[in-house]
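Novice: Just dropping this structure here.
The values are calculated or read from the model by the stated rules, or taken from the named source; none is laboratory data. This structure is a prediction, so every number in the text was calculated from the model and none was measured. Here Cβ is always computed from backbone atoms with ideal geometry, including for glycine, and neighbour counts include all displayed protein chains.
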Amino acid sequence: MNSFLFIRYFLSGTAGAVTNLILLYLLADIAHFYYLTAATLAYLSGIIIGFSFQKFWTFRGAHWGTLPRQFIFYGAVSTANLFLNIALLYLFVEHIHLWYIYAQAIAIVILNTASYLIHRHITFREHF
């Protein structure tokens, strides 16, 4: 495994996770959205930012011709992860009784680990 690639993915993911957690907190605690609604909005807001980081920095994809296919696949993976994220968040908050911010952080780690493998080997594969 290319350790620099993983480090770039980790840093990009960290930026996305921090953005997600800040938006989640602002929407849930400040704007008083229901925590699952806030989590959905926070997650969706990061899809374009996450794709941009992953394509152009993490995986160094300069080929604009592959952008539509990659964005569609990235969006499909992100949508699947959104549903898994909400399910994990609900499980951790309602059944394990974790604070929603901790629960979201755990869900992010779980889902981003799987996403790295998918994006490295499928979404952005022409760069390897």
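Novice: Quick check on the stretch 85-114: of everything there that is under 20 Å from residue 26 (Cβ atoms) and of a type in the set (Ser, Thr, Tyr), which residue is surrounded by the most Cβ atoms within 10 Å (Cβ to Cβ)?
Specialist: If we take residues in the stretch 85-114 being under 20 Å from residue 26 (Cβ atoms) and of a type in the set (Ser, Thr, Tyr), then 100 is surrounded by the most Cβ atoms within 10 Å (Cβ to Cβ).
Novice: Looking only at the stretch 92-108, which residues are closer than 16 Å to residue 39 by Cα, part of a helix (DSSP H, G or I) and without any contact (Cβ under 8 Å) to a residue 12 or more places away in the chain? Before you say what the answer is, go through the steps one by one.
Specialist: Narrowing the stretch 92-108 to residues closer than 16 Å to residue 39 by Cα: 92-94, 98-108.
Filter once more, keeping what is part of a helix (DSSP H, G or I): 92-94, 100-108.
Matches in the stretch 92-108: 94, 102.
Novice: Please work out which residue is nearest to residue 88 (Cα to Cα), limiting yourself to the stretch 17-39 and to residues that are touching a residue at least 40 places away in the same chain (Cβ under 8 Å) and either among the small types (Gly, Ala, Ser) or not in a helix (DSSP H, G or I) (or both). Lay out the reasoning, then the answer.
Specialist: In the first step, residues of the stretch 17-39 are kept if they are touching a residue at least 40 places away in the same chain (Cβ under 8 Å); the result is 17, 20-21, 24-25, 28, 35-36, 39.
In the following step, the residues that additionally are either among the small types (Gly, Ala, Ser) or not in a helix (DSSP H, G or I) (or both) were identified as 17, 28, 39.
Details: 17: 16, 28: 17, 39: 11 Å.
Top of the filtered list is 39.
Novice: From 75, 65, 61, grab the single residue that is of a type outside the set (Ser, Thr, Tyr), in contact with a Lys or Arg (Cβ under 6 Å, 6 or more places away or on another chain) and modelled with pLDDT under 90. Talk me through it step by step, then tell me what you get.
Specialist: Details: 75 fails: in contact with a Lys or Arg (Cβ under 6 Å, 6 or more places away or on another chain); 65 fails: in contact with a Lys or Arg (Cβ under 6 Å, 6 or more places away or on another chain).
When all the criteria are applied, what remains is 61.
Novice: Could I ask something else about it? For the stretch 40-85, how many residues are of a type in the set (Phe, Trp, Tyr) and not in a helix (DSSP H, G or I)? Even if it seems obvious, please write down each step before you answer.
Specialist: Pass one, the stretch 40-85, residues of a type in the set (Phe, Trp, Tyr): 43, 51, 53, 56-57, 59, 64, 71, 73-74, 83.
Right, trim to not in a helix (DSSP H, G or I) and you get 59.
Counting residues in the stretch 40-85 that are of a type in the set (Phe, Trp, Tyr) and not in a helix (DSSP H, G or I) gives 1.
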